[in-house]
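Peer 1: One structure, pasted below without further comment.
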Amino acid sequence: MRERITSHEQALAIYRQATELYEKGDFEGAISLYDALLHAPPWLINPYEVRKVIAMAYCKVERFEEAEQELEDLMNVLSRFGEPSSGSQVRYWYLMAKYRGDQKRVMEEILSAD
């Protein structure tokens, strides 16, 4: 995906296409489209939502270091606005990245934080 994203409608169409790929299990394809959205002007699509979903896709293909960094940065941004709670989706995926997909350790940490 090398074309410039110039409208909100175009950004939404790409986001929907990336989400369809993600849901079909084509995580690398989704990552490519989400990455293109990260290079779009931020007023065209919510860059924080895109950062969250690209990190989720990174986890699915075991690119845990990239996911962890992306989610850690995102949690820092969100915490300035009073988020996230210990049960948030961002925190869950951050822990998935941190524990390299070990869902048991993720759940133990989430349950111990409550």
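Peer 1: Mind checking whether some residue in the range 59-70 is more than 15 Å from residue 93 (Cα to Cα), at pLDDT below 95, open to solvent by less than 40 Å² (accessible area, probe 1.4 Å) and in a helix (DSSP H, G or I)? Walk me through how you get there before you give the answer.
Peer 2: Of the residues in the range 59-70, the ones more than 15 Å from residue 93 (Cα to Cα) are none.
No, that holds for no residue.
Peer 1: Please work out which one of (1) within 27 Å of residue 8 (Cα to Cα); (2) assigned to a helix (DSSP H, G or I) is the condition residue 41 fails and give its number.
Peer 2: With (1) within 27 Å of residue 8 (Cα to Cα); (2) assigned to a helix (DSSP H, G or I) applied to residue 41, the lone miss is (2).
Peer 1: Output the residues belonging to the range 74-87 that are in a helix (DSSP H, G or I) and either surrounded by 13 or more Cβ atoms within 10 Å (Cβ to Cβ) or at positive phi (or both). Explain how you work it out, then say what you get.
Peer 2: Here is the first cut: in the range 74-87, the ones in a helix (DSSP H, G or I) are 74-79.
Correct list: 74, 75, 77, 78.
Let's see how each residue does on (1) charged (D, E, K, R); (2) touching a Leu at 6+ places or on another chain (Cβ under 8 Å):
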{"residue": "7", "(1), (2)": "no, yes"}
{"residue": "10", "(1), (2)": "no, yes"}
{"residue": "21", "(1), (2)": "no, yes"}
{"residue": "36", "(1), (2)": "no, no"}
{"residue": "52", "(1), (2)": "yes, yes"}
{"residue": "75", "(1), (2)": "no, no"}
{"residue": "107", "(1), (2)": "no, no"}
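Peer 1: Considering only the range 88-103, how many residues are open to solvent by 20 Å² or more (accessible area, probe 1.4 Å) and either under 15 Å from residue 54 (Cα atoms) or touching a residue at least 24 places away in the same chain (Cβ under 8 Å) (or both)? Give the steps one after another, and end with the answer.
Peer 2: In the first step, residues of the range 88-103 are kept if they are open to solvent by 20 Å² or more (accessible area, probe 1.4 Å); the result is 88-89, 91-94, 96, 98-103.
Remaining after also requiring either under 15 Å from residue 54 (Cα atoms) or touching a residue at least 24 places away in the same chain (Cβ under 8 Å) (or both): 89, 91-94, 96, 98, 100-101.
Counting residues in the range 88-103 that are open to solvent by 20 Å² or more (accessible area, probe 1.4 Å) and either under 15 Å from residue 54 (Cα atoms) or touching a residue at least 24 places away in the same chain (Cβ under 8 Å) (or both) gives 9.
Peer 1: Another one. Can you pull out the residues in the range 16-44 that are open to solvent by less than 50 Å² (accessible area, probe 1.4 Å), in contact (Cβ under 8 Å) with a residue 24 or more places away in the chain and within 14 Å of the chain's Cα centre (by Cα)?
Peer 2: Passing the criteria: 18, 19, 22, 27, 30, 31, 33, 36, 37.
The values are calculated or read from the model by the stated rules, or taken from the named source; none is laboratory data. Please read these numbers as outputs of a predicted model, since none were measured by experiment. Neighbour counts run over all protein chains shown; Cβ positions are idealised from the backbone, glycine included. Each accessible area value is taken on the protein alone, full model and side chains, heavy atoms only, with ligands, DNA and RNA left out. Shrake-Rupley method; radii C 1.70, N 1.55, O 1.52, S 1.80 Å.
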